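Working notes, structure below.
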Protein chains: 2
Amino acid sequence: MANIPIFSDEQINDFMQAALDEARQAGSEGEVPIGAVIVHDNQIIARAHNHREQGQQATAHAELLAIEAANQAAQSWRLENTALFVTLEPCMMCAGAIINSRIPVIYYGAQDAKGGAVKSLYTLLEDERLNHRVEVHPGIKSDECGQLLQNFFSEIRLKHKLVKQLKNK
Amino acid sequence: MANIPIFSDEQINDFMQAALDEARQAGSEGEVPIGAVIVHDNQIIARAHNHREQGQQATAHAELLAIEAANQAAQSWRLENTALFVTLEPCMMCAGAIINSRIPVIYYGAQDAKGGAVKSLYTLLEDERLNHRVEVHPGIKSDECGQLLQNFFSEIRLKHKLVKQLKNK
C-alpha cells in the first residue's frame, strides 16, 4: 500500500507555484500554458510543461512528460509515495498515466469542462473497479491557473482577428 | 474531417499479424506480450511493443510508443487518415492518446475485462462530448492475441510455484 504524502498549505502553494512557472514557460514557447511537477520526500523530482506543438507529439502533455521524467529520476515505473501537481484538470490520457504509474495523490488547478477526466467528464481516478485509486485535490490556485489559459486563448483570438482584418484591407 | 482508411480482410489480418509479431517480441524480452502497429496509406509507419519493465516507464505501453513513433514518422501530432492495430483492448491512457492524436479507427484483438477502456470498463472512444470519436473494430484474431497473454501469465505462475517449492525444500 502506497503512503499518501501529506503537505502543509504553504507546501501545496509552493508546489503549485512551481507547476505554474512551468505553465508560463510553455506559454512563452507558444504552447498552451499547462505545467506539472512531481514531488517525492518534499522535493520536486520532475518538472514539465506542455510540448505538443514544438515536439509535434500528441502525447507531450505536461503530466505525461512529468511522469516519464519522474520514472527516470526514480529508476522505477512505480511512483508510489509521490504527489503530482498540475495546473489543469488531467485529460483521459493523463488520468490513465497517473493510474498506470501508481501516483497516490494529485493536486490540480483549473477545471477542464471540455476534456477533464478527473471530475468534469469522468471521475476516472476514483473508479473502484481498477487496481489503483487516487486521492484528488481540485481547485488549487485555480483562478491563476485558469487566467493563464484564458489570456493565452484571448491573445490567439486577437491575433487571428488582426490577421483577418489585414487580409480584408 | 479525417478520412477513415478502409482495408480488405486480408490487410486487416496482415496488420494484426504484424502487431502480434511485436507482442511476441515483447514476450521474448520478458514484457507482457502486447504489440501495436500504425498504418498510413496501406503501409506500416510505426511498430512498437510493451516496454514497461525494461524502460521502467509506466507510460511505455505498445499503443503509446507506436503513436509517438508515428508522430515522429509523420512529423505531426495529428495522425488523421491512419489506423491503429493493437493486440489488446487499450487502457484509459492509451484510449486518451488515441483521441489526442486524432486516429480515426482502431482494430484490436483480445478484450481486457479488468482495464479495457474501449468496450469493457468504458467506451471512451465513442464519447459524443469529445471533439474526436474513433471507429472501433474489436475481436480481430482475438484467440491468438489472448492465448499469447494467457501463456505468458501461466509461465509466470509456474515459475513462481517452482521457486516457492525450491525455497520450501
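Throughout, read-outs are computed from the coordinates displayed, never taken from laboratory work. None of the values given here were measured: they were computed from a predicted structure. We place every Cβ from the backbone using ideal geometry, glycine too, and count neighbours over all the protein chains shown.
Rounded to the nearest 0.05, what FRET efficiency is calculated for residue B:42 and residue A:9 with R0 set to 45 Å and r the Cβ-Cβ distance? Don't skip to the end; give the middle numbers.
On the way: r = 57 Å, r/R0 = 1.27.
FRET efficiency, residue B:42 to residue A:9: 0.20.
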Order of A:87, A:123 from fewest to most other C-beta atoms within 10 Å? A:123, A:87
I want the local charge near residue A:118. Using Cβ-Cβ distances under 10 Å, sum +1 for each Lys or Arg and -1 for each Asp or Glu among the other residues. -2
Order by neighbour count: A:85, A:152, fewest other Cβ atoms within 10 Å first, most last. A:152, A:85
Calculate how many DSSP beta bridges within chain A are antiparallel, expressed in % of all such bridges and rounded to the nearest 5. 60 percent
Eligible lysines near residue A:167 by straight Cα distance, threshold 17 Å, same-chain separation 8 or greater: A:159
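When you look at the Cβ of every residue in A:114-120, what mean number of other chain Cβ atoms sits within 10 Å? Walk me through the numbers before you get to the answer.
Numbers: counts 3, 6, 0, 5, 0, 0, 1.
Average neighbour count from other chains, rounded to a whole number: 2.
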Among A:60, A:83, A:110, which one shows the highest mean-square fluctuation when chain A is modelled as a Gaussian network with alpha-carbon springs under 10 Å? A:60
Principal axis dimensions, the stretch B:6-135 - Cα atoms, whole angstrom, descending: 38, 31, 29
Chain B, Gaussian network, Cα under 10 Å: of B:115, B:146, B:55, the residue fluctuating most is B:55
Counting only helical runs of four or more DSSP H residues, what would the 222 nm mean residue ellipticity of chain B come to if each run contributes -39,500 (n - 2.57) and the total is spread over all its residues? -14000 deg cm²/dmol
Summarise the partner chain shielding of A:85-93 as one whole number: the mean count of Cβ atoms from other chains within 10 Å of each residue's Cβ. 4
Can you list, shortest first in nanometers, how far residue B:53 lies from the same residue in the other copies, with each label 7 Å from Cα toward Cβ? 4.2
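For peptide A:74-83, compute the average count of partner chain beta-carbon atoms within 10 Å of each residue's beta-carbon. All intermediate terms of the calculation are to be shown ahead of the outcome.
Details: counts 1, 1, 3, 8, 2, 1, 0, 0, 0, 0.
Averaged over the peptide's residues, the number is 2.
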Among A:119, A:159, A:141: highest mean-square fluctuation, GNM of chain A, C-alpha pairs under 10 Å: A:159
Per-residue HN-Hα couplings for the stretch A:52-58, Karplus 6.51 cos²θ - 1.76 cosθ + 1.60 at θ = phi - 60°, whole Hz, x for Gly and Pro? 4, 6, 5, x, 6, 10, 5
Put a label point 7 Å from Cα along the Cβ direction on residue B:13, then list its distances to the equivalent points in the other copies in nm, shortest first. 6.7
Nearest-first distances (nm) between copies at residue B:164, label 7 Å from Cα via Cβ: 6.8
